[in-house]
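S.K.: First, the structure itself, so that you have it in front of you.
Derivation of every value follows stated rules applied to the coordinates shown; laboratory data play no part. Here the structure is a predicted model, which means the values were calculated and not measured. FYI the Cβ positions are ideal-geometry reconstructions off the backbone, even for glycines, and counts take in every protein chain you see.
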Ligand code: GLU
């Protein structure tokens, strides 16, 4: 029996929809087919958007879908100090700096003529010179990507999803140009971005496989880099197709029409849901 530990990691910011059902069912089915384990993790670090009623609905919907998971369920809001510890360990290595730029500051800096910035999407580095001792309340914390790529050797991850199948080697220059100085510590509250929290928890929970939607494929590059920096193992990634509406748009949390709870109320069965998502 191969080790296969995976998870479904929703954020309780709205009702689960068909896309979530597909993700949870697929991860669950893959774990069971491999004789492995399926975990549920509640990614509730964003206290402004997460609500207890959405969390309660996640459990209800998942039970109704016929899913079972290992307990206890990890709730990220109960582990904030672990995330801070990891973030500060990166700061101690000179990899993190405080940033006070607002979205409009960044837009303005990006529209001004500048040298040495390859991609118009990445943070232009306005605060990069600031030491951590300069941190003020309300500052976000960013990763100094140029420093980060210097501190790791060759890094790669394995992908088994159809769209990106293969072994992907991280290219330092592309990390700098296309991802840049990502926010790892959020400005609103003393917490870390979900990219970092997920990496820490995937390691803490012993994930061997991460099964999730293709919309999260790009952040895998940043997450793999963070794993290398923190000395954490890199799981195998499986990014699955997205469930789309009739116009081809991916479903959003606010798309209540396709909420699992709406289907439930209308008398749809869990078997119907499986068929609808192509399982
Ligand atoms: N919490 C994320 C979401 O709801 C999922 C993160 C992950 O699966 O790595 O989109």
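S.K.: State the Cα centre-to-centre distance between region 13-69 and region 226-279 in whole Å.
M.R.: Their Cα centres are 10 Å away from one another.
S.K.: Working from the alpha-carbon coordinates of region 165-234, get Rg over Rh, Rh being the Kirkwood radius.
M.R.: Details: Rg = 12.5 Å, Rh = 13.2 Å.
Ratio of gyration radius to Kirkwood radius for region 165-234: 0.95.
S.K.: Relative to the longest principal axis of the chain, what angle (0 to 90°, nearest 10) does the C-alpha long axis of helix 18-33 take?
M.R.: That helix lies at roughly 80 degrees to the long axis.
S.K.: Where in region 51-85 does the label zone of residue 275 land, with the point 7 angstrom along Cα→C-beta and an amide N cut-off under 20 Å?
M.R.: Only 64-67 fall inside the zone, counting backbone N under 20 Å.
S.K.: On full extension of the chain, what length is gained from residue 137 through residue 32, given 0.36 nm per residue of separation minus the C-alpha to C-alpha distance?
M.R.: 33.2 nm
S.K.: Can you give me the orientation-averaged projected area of the convex hull built on the Cα atoms of the chain, in nm²? Walk me through the numbers before you get to the answer.
M.R.: Working: hull surface 63.1 nm².
Approximately 15.8 nm², given one-decimal rounding.
S.K.: Express as a percent, rounded to the nearest 5, the fraction of DSSP beta bridges in the chain (both residues included) that run antiparallel. Don't skip to the answer; put the middle values down first.
M.R.: On the way: 13 of 25 bridges.
The antiparallel proportion sits near 50 percent.
S.K.: Given the options 265, 203, 148, state which has the largest fluctuation in a GNM of the chain using a 10 Å cut-off (strictly under) for Cα springs.
M.R.: 265
S.K.: Ok, one more. Using a Förster radius of 25 Å, what is the FRET efficiency between residue 80 and residue 151 based on their Cβ-Cβ separation? Nearest 0.05, please. Please report the intermediate quantities before stating the final value.
M.R.: Details: r = 25 Å, r/R0 = 1.00.
The pair residue 80/residue 151 has a calculated efficiency of 0.50.
S.K.: Assuming R0 = 30 Å, can you tell me the calculated FRET efficiency for the pair residue 104 and residue 47, based on Cβ-Cβ distance, to the nearest 0.05? Provide the component values of the computation, followed by the final result.
M.R.: Numbers: r = 24 Å, r/R0 = 0.80.
Using R0 = 30 Å, I get an efficiency of 0.80.
S.K.: Follow-up. Could you list 73, 192 in order of exposure, starting from the residue whose Cβ has the fewest other Cβ atoms within 10 Å? Walk me through the numbers before you get to the answer.
M.R.: Details: 73 14, 192 24.
With the sparsest Cβ surroundings first, the list reads 73, 192.
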